[in-house]
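The values are calculated or read from the model by the stated rules, or taken from the named source; none is laboratory data. Just so it is clear, the structure is predicted and the values come from calculations on it, not from any experiment. Using ideal geometry, Cβ is built from the backbone for each residue, glycine included, and neighbour counts are taken over all protein chains shown.
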Amino acid sequence: MDKPQAEQITHTDVAIIGAGPSGAAAAAWLARKGLRVHVIERTLFPRFSIGESLLPQCMVHLNECGLLDAATAGGFQVKNGAAFTWRGCDTAIDFREKFSPGPGTTWQVERADFDNRLIEGAIAAGASVEFDTRVEDFHADPLKPSLTLVDTHGNSRQLEARFVLDASGYGRVLSRLTGLSKASTLESRCALFTHIEDRIDCPNYDREKILIGLHPEQAGVWYWLIPFSNGRASVGVVGSRDALQAAGADDESRLWSFIRQEPRLASLLSRATPVRDTGRLEGYSADVERLHGPGFALLGNAGEFLDPVFSSGVTIALDSAVRAAPLVQRQLQGDSVDWDSEFEQPLRRGVATFREFVEAWYDGRLPRIIFSPNQPPRIREMVSSVLAGYAWDTANPLVAASKRRLDALADSVGEAAEPALLTPNA
Ligand SMILES: Cc1cc2nc3c(=O)[nH]c(=O)nc-3n(C[C@H](O)[C@H](O)[C@H](O)COP(=O)(O)OP(=O)(O)OC[C@H]3O[C@@H](n4cnc5c(N)ncnc54)[C@H](O)[C@@H]3O)c2cc1C
């Protein structure tokens, strides 16, 4: 769909690079406060993006920036938890049974439609958006930062702002241009994925949960299956590059070879057909030295990105947007803002919780905890809360002291739970 192009403005209050969830959320919040907001987006929307499973914490953030109604109108597949399968055994976490207050359900969304609805909502709130135009350069300045924009015809112009938010996702525009990029402490991994007509007719399959499968033999290889409301689903496999390369001659055969190796997925998807080419993303984990600088701040994936497991990406993207936007407003009103203590430190606290869970997933502590058959309900609720996105709720002991508590929990359930002790597949 072609969008009407915004007039070629050269001055704005807030320039936002990228119209994904973090850019749209910040744009909507700021435009509602009466600020002039101009979003620059490299592609034409709707555009494909991976990352379809949201967390209930997202609903709070969508509400805060006034985009909840726009998203609700999408009629997306309700999601109430995460199901796990390993060596023929199943378990599930229900987000409605959780430690922290807040919504217990969310959606599984086709991102092309979801992201489009969010940016349309931001436009309705008063933001202007320039599609098919990329940001190529940045001039840092505490009061008048500026961007060089280049359209698809190669025409370039300057856009001067009073503040710049980088929401460019994997583009990581400002961290590259300002030298803030740094390697993630997480291992580099690779994902292969596609969308399918899933044709699942198993009566025990719960479309209201993401299904996460662990490879029966290869540690560190896992799968996602995210059903949508229209009979389609997103399916993917994650592992080291070497592990995935070894499974076939091309990405499509590698993905389907891995799916056939996991009994539950192989059975559920026996009649599935792909509706798009197999995609590949690798080396996506990334970090930055700082999430802010003179006249700018980094949102969502343009700052730190961890890992797809547990679907924290859009939640962190929206969290960063609703944290940054009020600070931008205050700064433009003349208040002094300490971006370190008011933005970076609190945002990173929740990201650190997710990082600890990601590390515990790959080193085997979390699968042990999740598959343990004898977990006290209160512990289950604490795990559920973090997996539902409430990673900033320090009342939860698994947030306040993630590593120590996860270590202790993993020790208390012992070595790898024997599949025989778990609930067998129905
Ligand atoms: C394999 C995989 C699976 C994932 N699964 C999930 C999941 O299930 N749930 C979840 O929450 N997250 C998931 N994620 C993460 C999720 O995709 C991202 O965290 C999320 O999209 C980040 O949102 P964002 O707004 O920061 O950036 P994006 O959504 O990436 O949006 C950035 C926008 O900026 C634009 N842009 C880039 N460069 C420029 C430029 N130079 N000029 C102008 N515009 C530019 C891009 O075109 C894009 O539209 C997954 C990630 C991976 C790698």
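Observations
- Residue list for region 53-68, filter: within 25 Å of V37 (Cα to Cα) and either within 15 Å of the ligand (Cβ to nearest atom) or free of Cβ contacts under 8 Å to residues at least 12 places away in the same chain (or both): C58, M59, V60, H61, L62, N63, C65, L67, L68
- Taking region 202-304 and the helices (runs of 4 or more DSSP H) fully enclosed by it, no element has 3 or more residues that are within 15 Å of the ligand (Cβ to nearest atom) and of a type in the set (K, R).
- Residue satisfying condition, being at pLDDT 95 or above and at positive phi, within set G279, G300, G293, G313: G300
- Apart from one condition, G88 fits all of (1) away from the ligand (no atom under 16 Å from the Cβ); (2) buried (at least 18 other Cβ atoms within 10 Å of the Cβ); (3) not assigned by TED's automatic domain parsing to the domain that holds L143; the exception is (2).
- Region 305-327, residues that are touching a residue at least 60 places away in the same chain (Cβ under 8 Å) and either assigned to a loop (DSSP other than H, G, I, E, B) or surrounded by fewer than 22 Cβ atoms within 10 Å (Cβ to Cβ) (or both): L306, D307, P308, V309, F310, S311, S312, V322, P326
- Number of the exception - A321 against (1) touching a helix residue (DSSP H, G or I) at 6+ places or on another chain (Cβ under 6 Å); (2) on the phi > 0 side of the Ramachandran plot: (2)
- Test result for A112, surrounded by 19 or more Cβ atoms within 10 Å (Cβ to Cβ) and modelled with pLDDT of 95 or more: no
- Those residues of region 212-265 which are in contact with a strand residue (DSSP E or B) (Cβ under 9 Å, 6 or more places away or on another chain) and among the basic types (K, R), in sequence order: R232, R241, R254, R264
- Contact annotation: residue pairs with Cβ atoms under 8 Å, 6 or more positions apart or on different chains, pairing a residue in region 328-350 that is touching a residue at least 40 places away in the same chain (Cβ under 8 Å) and within 21 Å of W392 (Cα to Cα) with a partner that is of a type outside the set (D, E, K, R) and surrounded by fewer than 14 Cβ atoms within 10 Å (Cβ to Cβ), are R349/T394.
- Sole residue being within 19 Å of the chain's Cα centre (by Cα) and closer than 30 Å to R96 by Cα, chosen from H195, H215: H195
- From the options T394, T423, residue that is among the hydroxyl-bearing types (S, T, Y) and at pLDDT 95 or above: T394
- Test: residue in region 55-67 that is over 30 Å from R157 (Cα atoms) and touching a Lys or Arg at 6+ places or on another chain (Cβ under 7 Å): yes
- Of all the residues in region 209-233, those that are within 17 Å of G75 (Cβ to Cβ) and buried (at least 16 other Cβ atoms within 10 Å of the Cβ) number 5.
- Within region 20-52, the set of residues being surrounded by fewer than 24 Cβ atoms within 10 Å (Cβ to Cβ), over 25 Å from G236 (Cβ atoms) and near the ligand (Cβ under 10 Å from one of its atoms) is empty.
- Cβ separations smaller than 7 Å between residues 6+ apart or across chains give the following pairs from region 169-187 residues that are closer than 13 Å to L291 by Cα and among the hydrophobic types (A, V, I, L, M, F, W, C) to residues that are away from the ligand (no atom under 12 Å from the Cβ) and outside any helix (DSSP H, G or I): L174/F296; L180/V288; L180/E289; L180/R290.
- On the stretch given as region 122-135, residues that are more than 10 Å from the ligand (Cβ to nearest atom) and surrounded by fewer than 24 Cβ atoms within 10 Å (Cβ to Cβ) total 5.
- Residues that are basic (K, R), in a loop (DSSP other than H, G, I, E, B) and in contact (Cβ under 8 Å) with a residue 40 or more places away in the chain, drawn from region 79-112: R87, K98
- Among the helices (runs of 4 or more DSSP H) confined to region 15-73, the ones with at least 3 residues that are over 15 Å from I123 (Cβ atoms) and either under 16 Å from the mean Cα position of the chain (by Cα) or not assigned by TED's automatic domain parsing to the domain that holds E110 (or both) are located at 57-64.
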